[in-house]
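The values are calculated or read from the model by the stated rules, or taken from the named source; none is laboratory data. Every value quoted in this text rests on a predicted model; they were computed, and no experiment measured them. Please note: Cβ atoms are built from the backbone with ideal geometry, for glycine as well, and neighbour counts cover all protein chains shown. These accessible areas exclude ligands, DNA and RNA; they are computed on the full protein's heavy atoms, side chains included. Shrake-Rupley method; radii C 1.70, N 1.55, O 1.52, S 1.80 Å.
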Amino acid sequence: DTAVSQTPKYLVTQMGNDKSIKCEQNLGHDTMYWYKQDSKKFLKIMFSYNNKELIINETVPNRFSPKSPDKAHLNLHINSLELGDSAVYFCASSSAGSSYEQYFGPGTRLTVT
Amino acid sequence: GENVEQHPSTLSVQEGDSAVIKCTYSDSASNYFPWYKQELGKGPQLIIDIRSNVGEKKDQRIAVTLNKTAKHFSLHITETQPEDSAVYFCAASKPGGGNKLTFGTGTQLKVEL
């Protein structure tokens with residue numbers, strides 16, 4: 001059973017397009033996250049949601065809009081894609097609060113041409 | 001904000017040798033320090049973590065040590081095997097930060113036969 005799943009795994013699109021990445025977790029966790037991993041493998045948090053409420057927003061351009069329909073899902077919508085958005089995006093989840101283990105999904109490789 | 005530095009960026013060892021990866025953090029309020037292993041094309045996988053009330057933790061061939069005074073923590077892998085080859089990331093988080101993980105820059109570990 002997949003704990004944290006993401007779709008699609010690969011996404012190739014042109015500049016200016018709008019795209020979405022979906023994430024689902026079946027761990028019963030209350031908190032979900034989006035991380036971006038750049039070409040140098042650097043991992044940086046973008047957002048976190050706790051029970052559908054935005055908790056962390058790390059100065060991400062407002063072209064990026066997370067949406068959490070319920071606590072098991074956190075989707076990422078990106079408007080007006082730019083070349084610099086090309087990266088691997090990881091979803092993660094954890095129990096609510098601090099110092100809890102975060103479990104990552106398999107990632108979505110986004111390529112903007 | 002928190003800054004996590006990780007060294008070395010690449011590490012090559014012979015099978016059976018030990019490998020040590022070191023991280024330093026800047027925020028003395030940080031109290032949770034996980035280590036992740038990322039294999040090619042996959043998401044980061046939590047392999048071990050340590051909290052600030054503990055100085056050392058061991059799980060089979062993997063151990064982590066924490067020096068709160070010096071603000072550094074290390075990952076030790078003994079009896080390395082080819083399947084240990086991957087990128088390893090350290091991270092830190094602190095209470096009240098929404099469980100935000102600040103990652104180090106990663107270490108590419110290669111275990112040679």
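Suppose we keep only residues that are assigned to a loop (DSSP other than H, G, I, E, B) and open to solvent by 50 Å² or more (accessible area, probe 1.4 Å) within the range B:88-113. Which one would you say is farthest from residue B:14 (Cα to Cα)? Break it down stepwise before answering.
Filtering the range B:88-113 down to residues assigned to a loop (DSSP other than H, G, I, E, B) leaves B:94-101, B:104-106, B:113.
Add one more test, that the residue is open to solvent by 50 Å² or more (accessible area, probe 1.4 Å), and what stays is B:94-96, B:100, B:105, B:113.
Details: B:94: 36, B:95: 39, B:96: 42, B:100: 35, B:105: 23, B:113: 6 Å.
Only one residue fits best here, namely B:96.
Can you find, within the range A:56-86, the residue that is most open to solvent (accessible area, probe 1.4 Å) among those that are in contact (Cβ under 8 Å) with a residue 60 or more places away in the chain and not charged (D, E, K, R)? Let's see the steps before the verdict.
Keep residues of the range A:56-86 that are in contact (Cβ under 8 Å) with a residue 60 or more places away in the chain, which gives A:78-83.
So of that shortlist, the ones also not charged (D, E, K, R) come out as A:78-81, A:83.
On the way: A:78: 2, A:79: 54, A:80: 60, A:81: 4, A:83: 99 Å².
By that ranking, first place goes to A:83.
Only one of B:85, B:74 is out of contact with any Ser or Thr (no Cβ under 9 Å at 6 or more places or on another chain), more than 11 Å from every other protein chain (Cβ to nearest Cβ) and open to solvent by less than 50 Å² (accessible area, probe 1.4 Å); which? Working first, answer last.
Details: B:74 fails: out of contact with any Ser or Thr (no Cβ under 9 Å at 6 or more places or on another chain).
None of the other options fit; the residue is B:85.
Return the residue satisfying two criteria in turn: it lies in the range A:1-55 and is of a type in the set (Val, Ile, Thr) and surrounded by fewer than 16 Cβ atoms within 10 Å (Cβ to Cβ), and of such residues it is nearest to the other protein chains (Cβ to nearest Cβ). Let's see the steps before the verdict.
We begin by selecting, within the range A:1-55, every residue of a type in the set (Val, Ile, Thr); these are A:2, A:4, A:7, A:12-13, A:21, A:31, A:45, A:55.
Next cut, surrounded by fewer than 16 Cβ atoms within 10 Å (Cβ to Cβ) only: A:2, A:7, A:12.
Values: A:2: 11, A:7: 14, A:12: 16 Å.
Checking each candidate, the answer is A:2.
How many of the residues making up the range B:38-53 are in a loop (DSSP other than H, G, I, E, B), more than 16 Å from residue B:109 (Cα to Cα) and open to solvent by 60 Å² or more (accessible area, probe 1.4 Å)?
So the count comes out to 1.
Give the residues of the range B:1-37 that are more than 10 Å from every other protein chain (Cβ to nearest Cβ), small (Gly, Ala, Ser) and assigned to a loop (DSSP other than H, G, I, E, B), sorted by residue number. Reasoning before the result, please.
From the range B:1-37, those more than 10 Å from every other protein chain (Cβ to nearest Cβ) are B:2-8, B:10-29, B:35, B:37; that's our starting set.
Applying the additional criterion that residues be small (Gly, Ala, Ser) yields B:12, B:16, B:18-19, B:26, B:28-29.
Listed by number, the residues that qualify are B:16, B:18, B:26, B:28, B:29.
Just to be sure I understand, how many residues within the range B:1-37 are open to solvent by 50 Å² or more (accessible area, probe 1.4 Å) and of a type in the set (Lys, Arg)?
1
Hey, any hits in the range B:46-65 for a residue that's in contact with a Gly (Cβ under 6 Å, 6 or more places away or on another chain), closer than 19 Å to residue A:35 by Cβ and free of Cβ contacts under 8 Å to residues at least 40 places away in the same chain?
First, the residues of the range B:46-65 that are in contact with a Gly (Cβ under 6 Å, 6 or more places away or on another chain): none.
No - not one qualifying residue is present in the range B:46-65.
All but one of (1) within 17 Å of residue A:6 (Cβ to Cβ); (2) of a type in the set (Gly, Ala, Ser); (3) in contact with a Ser or Thr (Cβ under 6 Å, 6 or more places away or on another chain) hold for residue A:96, so report the exception by its number.
So the condition that residue A:96 fails would be (1).
If you take the residues in the range A:66-111 that are of a type in the set (A, V, I, L, M) and within 14 Å of residue A:21 (Cα to Cα), which one is farthest from the other protein chains (Cβ to nearest Cβ)? Quick ask: steps written out before the conclusion?
If we filter the range A:66-111 for residues that are of a type in the set (A, V, I, L, M), which is where we start, we get A:72, A:74, A:76, A:78, A:81, A:83, A:87-88, A:92, A:96, A:110.
Those still in the list that are within 14 Å of residue A:21 (Cα to Cα) too: A:74, A:76, A:78, A:81, A:87-88, A:92, A:110.
Working: A:74: 14, A:76: 15, A:78: 19, A:81: 22, A:87: 14, A:88: 9, A:92: 8, A:110: 15 Å.
Ranking the qualifying residues of the range A:66-111, first place goes to A:81.
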